[in-house]
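Please treat every number below as a calculation from the coordinates, not as lab data. A quick note: this is a predicted structure, and the numbers were derived from the prediction, not measured. No Cβ is skipped: glycine too gets one built from the backbone with ideal geometry, and neighbour counts run over all protein chains shown.
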Amino acid sequence: EAGVAQSPRYKIIEKRQSVAFWCNPISGHATLYWYQQILGQGPKLLIQFQNNGVVDDSQLPKDRFSAERLKGVDSTLKIQPAKLEDSAVYLCASKQGVSTDTQYFGPGTRLTVL
Amino acid sequence: GEDVEQSLFLSVREGDSSVINCTYTDSSSTYLYWYKQEPGAGLQLLTYIFSNMDMKQDQRLTVLLNKKDKHLSLRIADTQTGDSAIYFCAASYNFNKFYFGSGTKLNVKP
């Protein structure tokens, strides 16, 4: 079974530029998460999707971050404009459904904002 | 929201047991998890325990939960160099909205 795919793996941009990350979850997984992991910290949930609907985006900085999962499969996370403090690894995870236990994580996208 | 705390580092010798500790604040958390993260990789679920359990054993891994003190521990028996990684404790309510600790870096010396 293929795992969670993310691209790009690395991205370097200057502050005030825009950037987008892509995630393809495991086939059939209805629940998809985006996390931000700052160096030395644990992952912090940004947004949770159930199919193409948003379940929780309470910690997403909506003035600059946006995410979508239009067809309920793959998802994109965008930052516009980026700030220095957005430098982090952005992790995507998926699981079969709301009531299942195991999240499967992708390898992440490491973003550096200069 | 939930606040999950862990110590930052642990160093052990190969063959010894490792004990990684975690505390959490929200008593309504129903599931407590341990994840492993190797360099450049995402997180891998090791094990989890339901909040009405005291202990769970899975091969070399033993999870102990003290619900009164909101304290969770992960014991790795016969620690190997391949166990060197960052271990994250996490809490959730009914498998949703996961809160992670900052991670404990385990260093296993040969």
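Looking at the stretch B:65-95, which of the residues that are surrounded by fewer than 18 Cβ atoms within 10 Å (Cβ to Cβ) and within 10 Å of the chain's Cα centre (by Cα) is nearest to residue A:41 (Cα to Cα)? It comes out as B:73.
For the condition surrounded by fewer than 18 Cβ atoms within 10 Å (Cβ to Cβ), in contact with a strand residue (DSSP E or B) (Cβ under 6 Å, 6 or more places away or on another chain) and of a type in the set (Gly, Ala, Ser), what is the one hit in B:29, B:51, B:7? Working first, answer last.
Numbers: B:29 fails: surrounded by fewer than 18 Cβ atoms within 10 Å (Cβ to Cβ); B:51 fails: in contact with a strand residue (DSSP E or B) (Cβ under 6 Å, 6 or more places away or on another chain).
Exactly one residue qualifies, and that residue is B:7.
The residues on offer are B:97, B:68, and the sole one that is among the charged types (D, E, K, R) and in a strand (DSSP E or B) is B:97. Those strands (runs of 3 or more DSSP E) of the stretch B:1-44 in which at least 2 residues are out of contact with any Cys (no Cβ under 9 Å at 6 or more places or on another chain) and either under 13 Å from residue B:90 (Cα atoms) or not aromatic (Phe, Trp, Tyr) (or both), considering only elements entirely within it, cover B:9-13, B:18-24, B:31-37. Against the definition (aliphatic (A, V, I, L, M) and either more than 26 Å from residue B:39 (Cβ to Cβ) or touching a helix residue (DSSP H, G or I) at 6+ places or on another chain (Cβ under 6 Å) (or both)), how does residue A:82 come out, yes or no? Spelling it out, it is not the case that residue A:82 is aliphatic (A, V, I, L, M) and either more than 26 Å from residue B:39 (Cβ to Cβ) or touching a helix residue (DSSP H, G or I) at 6+ places or on another chain (Cβ under 6 Å) (or both). Listed conditions (1) of a type in the set (Val, Ile, Thr); (2) more than 8 Å from every other protein chain (Cβ to nearest Cβ); (3) within 26 Å of residue B:91 (Cα to Cα) are all met by residue A:19, apart from (3).
Please go through the stretch A:69-93 and give me each residue that is small (Gly, Ala, Ser) and more than 11 Å from chain B (Cβ to nearest Cβ), ordered by number. The answer is A:72, A:75, A:82, A:87, A:88. Is at least one residue of the stretch B:48-62 in a strand (DSSP E or B), in contact (Cβ under 8 Å) with a residue 24 or more places away in the chain and within 14 Å of another protein chain (Cβ to nearest Cβ)? For the stretch B:48-62, residues in a strand (DSSP E or B), in contact (Cβ under 8 Å) with a residue 24 or more places away in the chain and within 14 Å of another protein chain (Cβ to nearest Cβ): absent. Within the stretch A:1-29, residues that are free of Cβ contacts under 8 Å to residues at least 40 places away in the same chain reach partners that are assigned to a loop (DSSP other than H, G, I, E, B) and polar (S, T, N, Q) with beta carbons closer than 8 Å, at six or more positions or on different chains, in the pairs A:1/A:27; A:2/A:27.
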